Structure formats: structure tokens, C-alpha cells
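Since the structure comes first, as C-alpha cells, the remarks are kept for the end.
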Amino acid sequence: MLIKSEQDEIQSFLGDASNTAGGRAERVLFPESAGEVARALAEAAGAGTPVTVAGAGTGIVGGRVPYGGAVLSTARLNRVGEFVRETWGGGRAAAGAGVVLSDFQREAKARGLLYPPDPTEGSCYLGGTVATNASGARTFKYGPTRAYVRALQVALTTGDLLEIRRGELFAGADGSVRLPLGGGRSIEARLPTYTMPATRKHAAGYFTRPGMDLIDLFIGSEGTLGVVTEVELSLLAQPEGVLAGVVFFGDEEPLLAFVREARERSLQTRAESGDGIDARALEYFDGEALNFLRERYPLVPLGAAGAVFFEQETDARTEEALMGAWLGLVEKHDALADESWFGTNEHDRAEMRAFRHALPVMVNEWLARRGQRKVSTDMAVPDAAFPEMLRFYKETLRAGRLAYVIFGHIGDNHVHVNILPRDDAEQAAARATYGRFVERAVSLGGTISAEHGVGKIKREYLRALYGDAALREMAGLKRAFDPACVLGRGNVFPEEFLPAPGGN
């Protein structure tokens with residue numbers, strides 16, 4: 001196993017895309033097998049050395065930033081197994097934790113298969129997507145990473161390698177957990193008793209539900225229970241075609257009505273296994289976001305107060321009817337139909353996706369010119385609460401005279417509010433405003449993190465969501481899997497809930 005300890009060699013492993021400062025470590029480990037991972041973790045536990053797992057570094061909540069100890073990189077766990085077609089048209093494949101998501105998706109596509117999870121940054125590692133239960137624009141139809149994980153191989157700090165397959169091990173109805181390790185040993189614990197928010201997307205804290213499949217404990221656990229070394233994933237058949245559109249609106253009320261009906265009709269189509277409107281993505285841009293984008297895309301209508309990007313899968317039999325159905329929806333809700341964009345070929349869809357992804361880049365460039373960092377939300381709320389949440393976002397920001405853009409996954413009531421401070425005083429005001437947004441989202445039954453996880457940045461907000469008693473229950477579960485409490489220090493839990501590394 002390669003080990004690097006020179007500071008100039010390990011600098012790139014001391015941070016992630018959150019730009020969280022202060023990362024430090026003594027060494028970086030590069031295991032090449034699951035066995036090497038397990039042995040490295042056992043040695044660290046015996047010595048009381050904290051271990052931070054490093055994926056590709058694309059996370060934005062500081063999860064990969066180490067504060068001492070060792071970093072364990074999954075980069076060399078990058079082998080992909082055979083892709084297997086199954087009789088129902090989909091398939092499966094196994095891959096190491098260090099396989100790049102976009103590479104895996106490209107390999108699947110070449111075989112006529114689709115791996116649906118689509119976080120914005122395709123350079124992330126598969127292991128990281130499992131650790132964070134990653135999602136993205138297509139989650140509205142397909143759900144998050146959890147829905148595609150068939151089996152996991154997980155290395156524990158006890159030195160054990162756990163092989164767990166969906167459908168084989170379950171929690172008790174009373175929340176009891178028992179995972180056999182071999183040799184007559186087992187892990188025994190209890191699930192936290194909190195109820196998770198009733199939102200379609202949720203990535204804050206351990207998944208918990210009486211009688212749950214125990215594989216789900218590790219998905220979204222952010223590297224605090226064990227290190228995912230290999231994953232077996234379900235794949236779908238690649239769709240024959242995709243219809244895409246960017247629909248502009250002169251007013252927000254008809255935009256929200258358009259989204260509401262598109263969502264309802266999509267859910268109805270799925271329930272009935274029909275051929276009607278069934279969006280796989282419903283994405284939002286507010287008027288401020290369009291003002292940003294207009295600098296690079298002059299065809300954005302001057303009178304647009306917002307826009308919705310949608311995608312719908314089609315085939316030769318349904319394409320014409322579905323185009324007609326979407327155009328009918330556009331006209332019904334008073335969209336700027338003549339100025340909206342539609343496409344069915346790959347080039348047009350790529351242009352629309354580029355339009356969607358240009359906004360975060362332009363925002364970051366704007367902030368860099370001012371020497372500031374954005375403050376970005378990741379909250380989601382139940383369907384009925386979304387109009388109130390969106391209204392609260394905008395009224396609060398306008399009252400505080402803060403610059404902002406709002407965009408994201410409106411199909412799941414999950415939009416990203418990017419607050420754009422122009423100076424240090426506004427930076428402080430933005431962070432205070434973020435706290436108000438957390439309070440309102442929780443009061444409406446929402447989650448403090450829909451897709452980015454908790455990491456180190458959102459620990460106090462997790463406390464606001466669940467309370468101290470729930471965090472103590474979570475910490476008890478962690479100690480059952482990581483008795484020395486060396487793994488993922490600082491992630492998810494404030495330090496007060498865990499003993500010192502190597503302690504009891």
C-alpha cells in the first residue's frame with residue numbers, strides 16, 4: 001500500500017469543494033484492495049488515530065477535510081466488474097469505491113444501460129455517492145442512489161470486511177440491529193428513534209425505520225460507520241429518446257401551477273404505468289438566475305420572471321403525443337411559449353443541460369471577483385409547504401437587501417438559494433439568514449439537507465432538525481460499528497457526542 005507523508009504531496013487531500021480551511025493530516029494511505037482498507041482501519045483504531053475517508057473531493061460540506069490523523073484515499077479501488085444484462089431489460093454491475101461516476105455511466109450507456117443517479121459533478125467517486133446517498137435532477141423520477149444499491153462491501157475499524165446484500169438482513173420491529181461478522185461475533189445496536197422528514201429527498205443523518213433493510217444504514221452515513229470498498233448497482237434500460245425543454249414564464253404564479261400539474265400528472269402516470277406526462281427532471285430558475293444567465297445566453301427573454309427545465313423519456317411510439325401533451329401544458333399555464341426552447345436530439349439536450357450547469361459557474365466567478373464565498377441552501381420541504389418556503393426565501397432576502405439566485409430541483413421541492421455577499425458585512429448577514437431558513441424549513445416538516453449531506457459544515461443544523469437526544473442515539477449506533485470512534489471524526493456529530501479517538 002502506497003503511503004505519502006510529505007506535506008507537499010498530500011496538500012490536495014486536505015480539502016474539498018467546500019473550501020473549508022484548516023485541513024491537516026500526517027499521511028495519506030492509498031489501499032488497493034478491501035483487505036488493505038480493513039487492515040489500515042484496524043491499525044488506526046488500535047493506535048487511536050483518526051481516519052478521514054477521501055473520495056474525489058467534490059463534496060461541498062467539508063466531509064473530506066481532515067483535522068489530524070490519516071487520510072484514506074479510495075482512488076485505487078477503481079476496478080469495474082462485468083456488466084450483466086437481465087431478462088427484464090435492465091442489468092447490474094459491481095464497481096470499486098474509487099470508480100468515477102461519469103466513467104461508470106459511460107460504460108453502462110455503451111451497453112444500452114442507464115445508471116440514473118446524476119449529481120451535478122460527474123467526477124465524483126461511486127463510493128462517495130453511496131456515502132452521501134447522492135441525487136440530482138433525475139431524482140424526481142428515479143430516486144437517489146439508495147434505490148440502486150444491491151450489495152455493499154464495507155471495511156470496519158474492527159478489521160472486519162462486511163458483505164451485505166439487499167433483502168437479507170433487517171432491523172427488528174423494535175429497532176434492534178444485529179449484523180453477523182463471522183466466527184460467532186456480531187454487531188448489536190439500536191436504531192435512532194427519530195422520524196425522518198416526509199420529503200422525497202433527504203440526506204441528513206442515519207436512515208432509520210423499524211424493520212428496515214440494514215444495507216440502508218451505510219448509504220448516506222458519510223463515512224462514519226465504515227468504508228465502502230465495493231458496490232453492486234442496479235441498472236435500467238437506456239431510454240430510446242428524451243424530450244427536453246426550457247419553458248419561460250412572465251410571472252411566478254403560473255410557473256408554480258405548471259410545476260404542480262407536471263408533478264401530479266407524472267406521479268399519476270407512474271402509478272398507472274401509463275404513457276402520459278412523466279418528467280424525469282423538473283428544474284427551476286428564478287428571475288435573478290435568468291438575469292445572470294442572460295449575459296451568456298442573450299436569447300433568455302427580457303420579460304421572464306422564471307423558467308422550468310424539464311426532461312421526459314420517449315420512444316418512437318410516444319414522442320409525438322408527449323410533445324403535444326407538454327405543449328398543451330405550456331399553453332394552459334400562460335408560459336412564454338414562442339420564446340421557450342424544446343428539443344429531442346442529443347445536441348439540443350446537451351445545450352439545455354449546459355444552460356442549467358452554467359449558472360453555478362457564473363455565480364462562482366461573480367463571487368471570486370469580490371473575494372467572497374456564496375452561502376448556499378440545500379433544504380427541501382413537503383409538496384404543500386413549498387410555495388410558502390419559496391415566498392419566505394424571497395421576502396427575507398429582499399428585506400435584507402441581499403443579492404441572490406435561486407435554482408434547482410423544484411420537482412422535489414428542493415431549490416438551492418445562493419446568497420451572494422458583496423462584502424464581509426453581507427457575508428455575516430447571509431449566514432444569519434441561512435439560520436432563519438433552516439428554522440423555517442424544519443417548522444414546515446422539511447429537511448436541512450436534501451442531497452449534500454451534513455459533513456462538518458451542517459452539524460449544528462442537524463441538531464436543529466433532530467435535537468440532542470437523537471444525536472446521542474446516532475452516536476450510540478456509530479460506537480457499535482466503530483468502537484474506537486476514529487472514523488470520520490468531525491462529520492455529522494459535534495465532538496461532544498463522541499469520546500476521544502481510541503477512548504471508551
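The values are calculated or read from the model by the stated rules, or taken from the named source; none is laboratory data. This one's a predicted model, so the numbers in the text were calculated from it and none came from an experiment. Because the Cβ atoms are built from the backbone with ideal geometry, glycine has one as well, and the counts that use them run over all protein chains shown.
Every residue in region 370-409 that is assigned to a strand (DSSP E or B) and either under 28 Å from Asp118 (Cβ atoms) or among the aromatic types (Phe, Trp, Tyr) (or both), please. The answer is Val375, Ser376, Ala380, Tyr404, Val405, Ile406, Phe407, Gly408, His409.
Say we look at region 301-323 and pick out the residues that are in contact with a Phe, Trp or Tyr (Cβ under 8 Å, 6 or more places away or on another chain) and in contact (Cβ under 8 Å) with a residue 60 or more places away in the chain; which of these is nearest to Val405 (Cα to Cα)? Among them, the one singled out is Ala307. Taking each residue of region 356-378 that is of a type in the set (Ser, Thr, Tyr) and looking for partners that are part of a loop (DSSP other than H, G, I, E, B) with beta-carbon atoms closer than 8 Å, six or more apart or interchain, yields Ser376/Ile60. The residues in region 345-391 that are more than 14 Å from Leu420 (Cβ to Cβ) and surrounded by 18 or more Cβ atoms within 10 Å (Cβ to Cβ) can be counted, and the count is 11.
Taking first residues from region 256-267 that are small (Gly, Ala, Ser) and partners that are assigned to a helix (DSSP H, G or I), the Cβ contacts under 9 Å between residues at least 6 apart in sequence or on separate chains come to Ala257/Lys332; Ala262/Trp326; Ala262/Leu329; Ala262/Gly411; Ser266/Phe140; Ser266/Lys141; Ser266/Gly411.
Scanning region 271-296 for residues that are touching a residue at least 60 places away in the same chain (Cβ under 8 Å) and among the basic types (Lys, Arg) turns up Arg280, Arg296. Would you pick out the residues in region 167-211 that are surrounded by fewer than 16 Cβ atoms within 10 Å (Cβ to Cβ) and either within 22 Å of Leu465 (Cβ to Cβ) or touching a Phe, Trp or Tyr at 6+ places or on another chain (Cβ under 7 Å) (or both)? Correct list: Thr193, Thr195, Ala198, Arg209, Pro210, Gly211.
Quick check: anything in region 427-446 within 30 Å of Leu14 (Cα to Cα), crowded, with 19+ Cβ neighbours inside 10 Å and among the charged types (D, E, K, R)? Looking through region 427-446, none of the residues is within 30 Å of Leu14 (Cα to Cα), crowded, with 19+ Cβ neighbours inside 10 Å and among the charged types (D, E, K, R). The set of residues in region 268-292 that are part of a helix (DSSP H, G or I) and under 22 Å from the mean Cα position of the chain (by Cα) contains only Ala289.
Could you tell me whether Ala94 is in a helix (DSSP H, G or I) and either modelled with pLDDT under 95 or surrounded by fewer than 21 Cβ atoms within 10 Å (Cβ to Cβ) (or both)?
no
Entry remark, region 191-220: residues being out of contact with any Leu (no Cβ under 9 Å at 6 or more places or on another chain) and within 12 Å of Ala131 (Cβ to Cβ) number 2 in total. Considering Glu163, Glu168, Glu188, Glu230, the condition of being among the acidic types (Asp, Glu), in contact with a strand residue (DSSP E or B) (Cβ under 6 Å, 6 or more places away or on another chain) and free of Cβ contacts under 8 Å to residues at least 60 places away in the same chain is satisfied by Glu163 alone. Please verify whether Ala75 is in a strand (DSSP E or B) and of a type outside the set (Asp, Glu), treating the condition exactly as stated. It is false that Ala75 is in a strand (DSSP E or B) and of a type outside the set (Asp, Glu). Based on what the data block shows, is Glu365 farther than 22 Å from Gly250 by Cβ and touching a Gly at 6+ places or on another chain (Cβ under 7 Å)? Spelling it out, it is not the case that Glu365 is farther than 22 Å from Gly250 by Cβ and touching a Gly at 6+ places or on another chain (Cβ under 7 Å). Taking the criterion of being outside any strand (DSSP E or B) and buried (at least 21 other Cβ atoms within 10 Å of the Cβ), the residues of region 294-308 that qualify are Val300, Ala304.
Within region 443-468, can you find the residues that are closer than 23 Å to Leu487 by Cα and outside any loop (DSSP other than H, G, I, E, B)? Passing the criteria: Arg459, Glu460, Tyr461, Leu462, Arg463, Tyr466, Asp468.
Evaluated against (1) at pLDDT 95 or above; (2) surrounded by 20 or more Cβ atoms within 10 Å (Cβ to Cβ); (3) over 30 Å from Pro501 (Cα atoms); (4) in contact with a Gly (Cβ under 7 Å, 6 or more places away or on another chain), Pro119 falls short on exactly one condition, (1).
When residues in region 480-497 are screened for being without any contact (Cβ under 8 Å) to a residue 24 or more places away in the chain, surrounded by fewer than 19 Cβ atoms within 10 Å (Cβ to Cβ) and closer than 22 Å to Gly46 by Cβ, 1 of them pass. Has region 387-405 got at least one residue that is among the acidic types (Asp, Glu), within 24 Å of Met362 (Cα to Cα), free of Cβ contacts under 8 Å to residues at least 60 places away in the same chain and touching a helix residue (DSSP H, G or I) at 6+ places or on another chain (Cβ under 9 Å)? Scanning region 387-405 turns up no residue that is among the acidic types (Asp, Glu), within 24 Å of Met362 (Cα to Cα), free of Cβ contacts under 8 Å to residues at least 60 places away in the same chain and touching a helix residue (DSSP H, G or I) at 6+ places or on another chain (Cβ under 9 Å). Scanning region 350-405 for residues that are more than 25 Å from Val300 (Cα to Cα) and either assigned by TED's automatic domain parsing to the domain that holds Leu256 or modelled with pLDDT under 90 (or both) yields Arg370, Gly371, Gln372, Arg373. Pairs meeting the criteria (first residue in region 417-445 and under 18 Å from Asn364 (Cβ atoms), second residue polar (S, T, N, Q) and not in a loop (DSSP other than H, G, I, E, B), beta carbons under 6 Å, at least 6 apart or on different chains) are Asn418/Ser376; Pro421/Gln427. For first residues located in region 37-60 and within 26 Å of Val100 (Cα to Cα) and in the same structural domain as Gly223 (by TED's automatic domain parsing), partners that are charged (D, E, K, R) and part of a loop (DSSP other than H, G, I, E, B) and lie 6+ apart or on another chain with Cβ distances below 7 Å do not occur. Considering only region 185-225, state which residues are charged (D, E, K, R) and within 23 Å of Tyr142 (Cβ to Cβ). If the condition is that a residue be charged (D, E, K, R) and within 23 Å of Tyr142 (Cβ to Cβ), then Arg200, Lys201, Arg209, Asp213, Asp216, Glu222 are the ones that fit.
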